[in-house]
1. Check which residues have an amide H placed less than 5 Å from B:ALA104's amide H, if you skip close sequence neighbours.
2. Name the residue, out of B:CYS14, B:CYS203, B:CYS264, whose mean-square fluctuation peaks in a Gaussian network model built on chain B with Cα pairs under 10 Å.
3. Can you return the aspartates and glutamates within cross-link range of B:LYS231? Criterion is Cα-Cα under 20 Å, with same-chain partners fewer than 8 residues away left out.
4. Counting each DSSP H run of 4 or more residues in the protein assembly as shown as -39500 (n - 2.57), what helix-only mean residue ellipticity at 222 nm follows after dividing by all residues, to the nearest 500 deg cm²/dmol?
5. Inside 10 Å of the C-beta atoms of A:45-57, what's the mean count of C-beta atoms belonging to other chains?
6. Give a quick list of chymotrypsin sites (Phe, Trp or Tyr not before Pro) in segment B:185-265 that DSSP marks as loop, anything other than H, G, I, E or B, with at most 13 other Cβ atoms within 10 Å.
7. Which whole-Hz ³J(HN,Hα) couplings does segment A:143-158 yield from phi under the Karplus relation 6.51 cos²θ - 1.76 cosθ + 1.60, θ = phi - 60°, glycine and proline marked x?
8. Residue by residue through segment B:322-336, which ³J(HN,Hα) values in whole Hz follow from phi under the Karplus form 6.51 cos²θ - 1.76 cosθ + 1.60 (θ = phi - 60°), with glycine and proline marked x?
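FYI, it's all coordinate maths here, none of it is from the lab. Everything quoted here is computed from the prediction, not taken from an experiment. For neighbour counting, all protein chains shown are included, and Cβ atoms are generated from backbone atoms with ideal geometry for every residue, glycine included.
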Amino acid sequence: MTQKTKKYIYKRPESLTNDITIYCPGCGHGIIHKIIAEIIDELGIREKTIGIAPVGCAVLAYNYFNFDVTEAAHGRPPAVATGIKRCLPDRIVFTYQGDGDLAAIGTAEIIHAAARGENITVIFVNNGVYGMTKGQMAPTTLLGQQTTTTTKGRTALQHGYPIRVCELLATIEGATYIERTKIDSIPDIIKTKRAIKKGFLYQIENKGFSLIEVLSTCPTNWRKTPSKAMEWVGAEMANFFPTGVYKDKGSPNK
Amino acid sequence: MAHKRVERVILTGCEAAAEGAIRAGCRFYAGYPITPQNRFPEYMSERMPEENGVFIQAESEVSAINMVFGASVTGKRAMTSSSSPGISLKQEGISYLAGCELPAVIINMNRGGPGLGSVTPSQSDYFQSTRGGGHGDYRTIALAPWNVQEIYDLTYLAFTLADRYRNPVIVLADGMIAQMMEPVKLLPPVKTTPTKKWALTGCKRRRPNSIKSLFLTHGVLETHNLKIADKYRQIIENETLYQTYMCDDIDVLLVSFGTCARICFEALALARAKGIKAGLFRPITLWPFPSEHLQRVAEKAKKILVVEMNCGQMIEDVKLAVKKDIRICFYGRPGDGVPTPEEIFREIKKI
């Protein structure tokens with residue numbers, strides 16, 4: 001009889017704990033958390049990574065990631081990351097931020113962290129709505145989109161325009177790598193993983209500031225089913241927020 | 001034993017506090033320019049790189065305190081400095097530091113307020129420094145130096161206290177102490193700073209650490225806040241500092257802190273020369289306030305005169321401390337004015 005050896009072809013990443021998340025069915029955070037955890041496992045950096053959780057739905061990220069994580073006040077993760085990275089330059093430091101955190105209350109912090117070229121990786125999850133507080137207008141809410149503070153739909157006249165973060169940050173000299181991806185299909189999830197991995201690799205290679213914006217879902221506050229929410233990311237969000245590489249100073253063939 | 005040479009230098013209050021911080025092992029500073037403390041970040045921008053420390057000129061006070069939060073998360077000794085309007089902006093971060101039980105030192109070179117106020121010395125941030133300052137049920141240790149030597153010594157001490165209790169410590173000076181130059185005896189640099197098991201350094205050979213102030217599960221926040229309250233009781237018990245001057249035989253007891261106390265000290269001499277039995281009680285820790293000690297000294301007095309450069313803030317703590325039925329008067333200069341010894345002497349005679 002030949003002896004069979006077990007070979008894992010799939011398992012839960014070591015960088016994720018066994019906790020059950022608070023996220024709603026169809027929420028993008030689960031996918032993005034897992035992508036990050038897989039990357040950290042693949043790069044073998046779990047024991048030298050320090051994550052920064054935002055204020056918002058992902059505030060409990062320290063319960064889900066199996067490595068050192070700190071909270072930060074709303075919008076301040078880039079400043080907190082700056083403090084951590086400057087004190088421990090050989091550790092891998094990333095922030096995980098939503099659209100309210102990064103593009104509204106924390107606009108100054110993200111712009112200046114990029115301008116200083118801080119050697120950190122920023123994962124920017126854009127779902128166009130304040131999820132934790134039950135669906136108010138975000139800085140990235142699309143024109144016409146209904147939220148609990150724009151019940152008749154966002155209008156430019158009354159509420160102003162949504163902010164395109166990647167386009168904005170790509171103009172900043174200090175930023176190294178800026179890319180926008182989405183998670184509404186398997187190929188796009190694979191692209192997102194590739195982009196986030198590049199962000200981490202650039203940090204390991206001391207190439208400077210990376211931001212990966214991920215167009216994500218919020219079925220609960222969008223009042224959509226999980227599958228309709230995924231469709232909406234590709235059909236509506238990606239129209240206003242085109243995916244792609246906005247800046248890549250780190251690539252050898254830039 | 002070999003005779004150790006004491007290093008003596010002439011420094012401004014800003015420079016003395018900054019040098020005190022560096023010698024206490026502080027290796028991270030983030031700040032934002034604001035008068036009257038601009039010499040502070042300037043000095044740090046030169047000294048920190050010499051010590052392999054980090055200096056960052058932040059984009060805002062909000063960002064500066066959050067950078068300090070980040071540095072403190074790693075276990076490094078970290079600080080920021082500012083003046084009143086800037087300290088208001090830092091309150092969010094100070095509340096998070098207190099909630100997360102992170103040590104940090106914050107220097108406030110108090111200027112006039114409210115609003116933009118003025119750039120001249122003031123003590124109008126007493127309430128803010130001693131009552132928590134930001135949102136939530138917390139306290140910050142508040143140290144009030146009265147000269148340049150003391151701002152050096154207290155800043156040095158502030159790091160020990162911050163680490164010992166895992167709590168932010170405020171050094172509350174003012175525009176006068178910030179900018180005047182005096183000789184300072186330097187303390188030797190600390191050789192080691194405490195290792196912090198709770199710090200985030202990467203989870204090598206240990207379980208992951210997390211730093212947080214969010215406790216959503218029923219009852220957990222209450223337990224956390226009661227634990228913090230217990231810590232505050234220990235601080236009150238162990239860390240209260242004050243000084244008394246000419247208090248053995250008194251009719252009039254002056255109570256004053258910082259720059260104002262120093263001017264009161266001059267006024268004592270004028271009073272004593274005229275045969276008025278005046279003494280001075282000077283709290284050095286504004287929180288914890290030396291209530292019991294003040295009560296003991298006040299037992300001997302017939303009247304109390306509280307002197308502050310504000311409209312009357314510390315006087316509330318004096319009234320809470322003094323149990324005896326006694327007249328407690330107030331003299332304050334709540335704007336650009338720094339009182340003269342003669343002015344205070346006139347008040348002593350009046351009451």
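1. Here the answer is B:ASN167, B:VAL169, since their amide H atoms fall under 5 Å of that of B:ALA104.
2. B:CYS203
3. Filter leaves B:GLU101, B:ASP137, B:ASP163, B:GLU222, B:GLU239, B:GLU292.
4. Result for the protein assembly as shown: -11000 deg cm²/dmol, rounded to the nearest 500.
5. 3
6. B:TRP198
7. 4, x, 6, 8, 9, 6, 10, 9, 5, 9, x, 5, 10, 5, 5, 8
8. Using θ = phi - 60°, the values come out as 7, 7, 6, 7, 8, 6, 10, 9, 9, 10, x, 10, x, x, 7 Hz.
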